[in-house]
Amino acid sequence: MFRFTLAILLFFIPLLLVARGEEESKIFPYQMNQVTLDNGLKIFSVPFPSPGIVAYYTVVRAGSRNEIEPGLSGFAHFFEHMMFRGTEKYDKDKYNDVLKIMGADNNAFTTDDYTAYHTLASSAELETIMDIESDRFMNLKYSEEDFKTEAGAILGEYNKNFSSPFMTIYEKLRESSYEKHAYKHTTMGFLTDILDMPNQYNYSLKFFDRWYRPENCAVIVVGDFDQNKLVELAHKYYGNWKRGSFSLNVPIDAMQKKEKVVNLTWKAKTLPILAMGYRGPAFSIDELEMPTMDIISQIVFSQTSPLYNNLVIEQQLVEFVEGSQGDSRDPGLFMIFTRIKDPNKINLVRDEIYSALEEIKNKPVTDEKLSTIKSYLKYSFAMGLNNVDAIAGKLSHYYQITGDPESMNKVYALYEKITPEDILVVAEKYFTKENRTVVTLVEEGSK
């Protein structure tokens with residue numbers, strides 16, 4: 001699979017280079033427009049040759065990171081649900097009818113750092129999209145009864161998701177790795193908080209009032225549209241959206257100083273699952289640490305790595321092994337997961353992973369291998385920018401994490417600066433026993 005991908009990349013590389021021209025140093029190859037309304041709402045737009053199609057994202061820079069008050073986790077994800085409850089102008093049924101008539105694909109998702117609402121539809125319906133989307137962001141209305149009904153649906157979603165042992169070990173790994181930061185809980189929130197959610201109607205109004213404000217959001221439009229018309233419609237439909245005033249003070253954990261070990265049991269049939277977490281750096285457009293963690297992920301855990309070859313292919317001790325750290329606004333977590341075929345081999349697999357991480361601290365990667373990984377990361381990202389939805393999604397990600405989608409160009413320029421010595425330094429700093437949390441899940445009653 002990897003070789004196949006590289007073959008395709010080699011075919012396309014000359015085309016990408018020609019397309020860049022003077023923008024050769026930038027990973028993002030398209031023209032991007034930005035307009036900021038007087039109320040602080042940013043409109044990012046990218047013309048793209050997708051005749052008759054437009055992707056429309058509204059990004060709220062509020063995720064589970066914003067849930068800093070004890071007992072009130074899960075509200076960012078909760079609003080992913082409530083935003084479909086309607087307004088006086090477009091109640092729930094009317095909102096859905098409009099989308100059906102347009103034939104639009106419409107949904108939302110929540111992460112640690114942001115919530116995104118996205119629509120893929122005919123560009124001829126752009127004004128209708130802006131009308132219904134601006135209306136629900138400014139005029140969302142729901143009763144306490146509606147609120148309690150949706151809170152029950154959240155509990156049902158939690159129970160469904162966490163019937164999987166993977167979600168349970170993932171939840172425990174995060175909870176154990178952090179002391180006070182909101183990354184301690186998943187985007188769904190702590191179960192105790194979800195159970196209490198039906199009693200928090202007034203807090204839900206406060207949460208919406210804090211974060212669903214123009215200075216905390218951006219509209220991202222990609223595809224077939226007229227820029228002048230887009231700006232005119234933005235003023236028309238979003239111009240009256242009022243600014244907020246709340247400021248967030250997220251408590252940051254100190255570096256972990258002692259290894260944490262947690263053992264879980266699972267009542268149903270399951271093979272053992274091993275998870276490890278190493279507290280890592282935050283996303284930055286200036287520091288090399290986060291992109292270096294991406295390269296370490298490729299060296300140690302990709303399907304071409306010696307560890308993967310040893311555990312998955314040669315010894316066949318595990319079904320899979322993977323490790324990586326996602327971008328995050330505050331210091332994140334490098335997470336490793338594997339499922340082990342024989343309960344008696346848990347310690348052996350764990351020690352093989354430790355050994356691979358020790359090697360990355362002491363044995364410099366060759367220049368040739370480092371160059372290959374950089375090319376893979378760079379061109380796999382670039383090749384993903386091939387449709388309006390994917391482009392809008394990437395812009396959303398980099399907007400939420402820095403406030404500026406252009407930050408993707410700056411961070412991909414950092415990859416080029418990373419040396420074998422940088423990898424040794426970053427690995428030595430983060431992959432220590434003291435900075436490690438290990439969670440093991442085994443079937444109840446197994447030896």
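Given a 1.4 Å probe, how much area per residue of the chain is accessible, in Å²? Don't jump to the answer; show the numbers that get you there.
Working: 20460 Å² over 447 residues.
For the chain, the per-residue accessible area is 46 Å².
With contributions of -39500 (n - 2.57) from each DSSP H run of at least four residues, the per-residue ellipticity at 222 nm computed over the chain stands at -13500 deg cm²/dmol.
As a length-normalised measure over Cα pairs under 8 Å and 6 or more apart, the relative contact order of the range 103-155 settles at 23 percent.
Here the contact order of the range 292-395, divided by its residue count and restricted to Cα pairs under 8 Å and six or more residues apart, works out to 21 percent.
Look at where the Cα atoms of the range 280-312 and of the range 194-264 average out, and the two centres are 30 Å apart.
Which order, highest average first, do 132-138, 111-117, 25-31 follow once you tally other Cβ atoms within 10 Å for each residue and take the mean per peptide?
On the way: 132-138: 20.7, 111-117: 23.6, 25-31: 15.1.
The most tightly packed comes first, giving 111-117, 132-138, 25-31.
The trypsin sites (Lys or Arg not before Pro) of the range 249-321 that DSSP puts in a loop, and whose beta carbon has at most 13 other beta carbons within 10 Å, are Lys257, Lys258, Lys267, Lys269.
In the structure displayed, which of Lys172/Lys433; Lys206/Lys242; Lys89/Lys394 lie more than 22 Å apart, Cα to Cα?
Details: Lys172/Lys433 19 Å; Lys206/Lys242 15 Å; Lys89/Lys394 32 Å.
Result: Lys89/Lys394 exceed 22 Å.
Centre-to-centre separation between the Cα atoms of the range 102-164 and those of the range 384-447: 27 Å.
Using alpha-carbon pairs under 8 Å, 6+ residues apart, how would you state the relative contact order of the chain in percent?
Relative CO of the chain lands at 23 percent.
Of the GluC sites (Glu not before Pro) found in the range 58-111, those in coil by DSSP whose Cβ has at most 16 other Cβ atoms within 10 Å are Glu88. Between 0 and 90 degrees, the angle of helix 2-20 with respect to the longest Cα principal axis of the chain falls at about 50 degrees. Apolar share of the accessible surface for the chain: 50 percent from carbon plus sulfur atoms, 1.4 Å probe. Annotation: aspartates and glutamates with alpha-carbon distance below 12 angstrom to Lys148 (same-chain offsets under eight excluded): Asp196.
The values are calculated or read from the model by the stated rules, or taken from the named source; none is laboratory data. What you see is a predicted model, and the numbers here were worked out from it, not measured in a lab. Neighbour counts run over all protein chains shown; Cβ positions are idealised from the backbone, glycine included. Surface areas here come from the heavy atoms of the whole protein model, side chains and all, with no ligands, DNA or RNA. Shrake-Rupley method; radii C 1.70, N 1.55, O 1.52, S 1.80 Å.
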